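The values are calculated or read from the model by the stated rules, or taken from the named source; none is laboratory data. Computed from a predicted model, the values in this text were never measured in an experiment. Counting neighbours? That spans all protein chains shown, and the Cβs are built from the backbone with ideal geometry, glycine included.
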Amino acid sequence: MRKKRAWIVDFLTMEEEHTGPFPYKLGDLNIEKKVIEEYAIHGQGIDKDPKGILSVDRNGSVYAHRKVDYEEYQKLRIYLSKKRTVVAVDIDILDVNDHAPVFNRDVYEIAVDESTQQGKVLFTMLATDDDQPGTANAQFTLRIVSVSPSASSADFFIQQRKGEQTGTISFKGSLDYE
Ligand SMILES: [Ca+2]
Ligand SMILES: [Ca+2]
Ligand SMILES: [Ca+2]
């Protein structure tokens, strides 16, 4: 049997990691009362994973019963069906900043000649943040916190283009092996 495509007739939003108190109301469906009363309501967040997050009452009010994780589910799609008629409602999950950026390595160990010219890129570091890509929640600024031993002849700096995950380390001055 050909799988019928359901019309998306409405959508609501839900913030991830919401701490309640539960249940709380997400909103009202803007759907004919007759449909809400006569159609079976099922789908993600109800009887499909992640189960038990949502409920819809007979007035078309949608409630949240548990928190949801944006990094796992960006959208929950619920269906209202009666015989062969199916309509869908999307619950768009809104990201919050619940992940800190992490470097791809704990220690970067590199060797450079003391004759290395200033301004040369010594290495590139990478960090990633699991929140929604392209938003402020996933952006971070790399900076040098300290240099040890405190260099007398070389001044290290990091360059990172806005919104990028990588930073390059270089120095001004000169390196001295001794
Ligand atoms: Ca999360
Ligand atoms: Ca983040
Ligand atoms: Ca997040």
TODO: Considering each of 77, 66 in turn, give the residue that is under 21 Å from residue 53 (Cα atoms), part of a strand (DSSP E or B), away from ligand 2 (no atom under 14 Å from the Cβ) and not hydrophobic (A, V, I, L, M, F, W, C).
DONE: 77
Task: Filter pass, residue 106 being closer than 30 Å to residue 73 by Cα and touching a helix residue (DSSP H, G or I) at 6+ places or on another chain (Cβ under 7 Å) - done: no
TODO: Could you tell me whether residue 143 is in contact with a strand residue (DSSP E or B) (Cβ under 8 Å, 6 or more places away or on another chain), without any contact (Cβ under 8 Å) to a residue 24 or more places away in the chain, within 20 Å of residue 102 (Cβ to Cβ) and not assigned by TED's automatic domain parsing to the domain that holds residue 74?
DONE: yes
Open item on the list: One residue is enough: does region 29-51 have a residue meeting the conditions buried (at least 16 other Cβ atoms within 10 Å of the Cβ) and either within 16 Å of ligand 3 (Cβ to nearest atom) or among the charged types (D, E, K, R) (or both)?
Closed with: yes
TODO: Please work out which one of (1) more than 15 Å from ligand 2 (Cβ to nearest atom); (2) modelled with pLDDT of 95 or more; (3) more than 30 Å from residue 76 (Cβ to Cβ) is the condition residue 178 fails and give its number.
DONE: (2)
TODO: Could you grab me the full set of residues in region 146-162 that are under 30 Å from residue 98 (Cβ atoms) and surrounded by 11 or more Cβ atoms within 10 Å (Cβ to Cβ)?
DONE: 158, 159, 160
Open item on the list: Checking the structure you have, find out if any residue of region 101-117 is within 16 Å of ligand 1 (Cβ to nearest atom) and in contact with a strand residue (DSSP E or B) (Cβ under 9 Å, 6 or more places away or on another chain).
Closed with: yes
- [ ] May I ask you to verify whether residue 87 is in a loop (DSSP other than H, G, I, E, B), more than 16 Å from ligand 2 (Cβ to nearest atom) and either modelled with pLDDT of 95 or more or among the β-branched types (Val, Ile, Thr) (or both)?
- [x] no
TODO: Could you grab me the full set of residues in region 92-133 that are part of a loop (DSSP other than H, G, I, E, B), polar (S, T, N, Q) and away from ligand 3 (no atom under 14 Å from the Cβ)?
DONE: 104, 115, 116, 117, 118
Task: Among (1) assigned by TED's automatic domain parsing to the domain that holds residue 22; (2) under 26 Å from residue 137 (Cα atoms), the one test that residue 102 misses - done: (1)
Task: Flag if residue 46 is of a type in the set (A, V, I, L, M), within 30 Å of residue 131 (Cβ to Cβ) and either within 16 Å of ligand 1 (Cβ to nearest atom) or touching a strand residue (DSSP E or B) at 6+ places or on another chain (Cβ under 8 Å) (or both) - done: yes
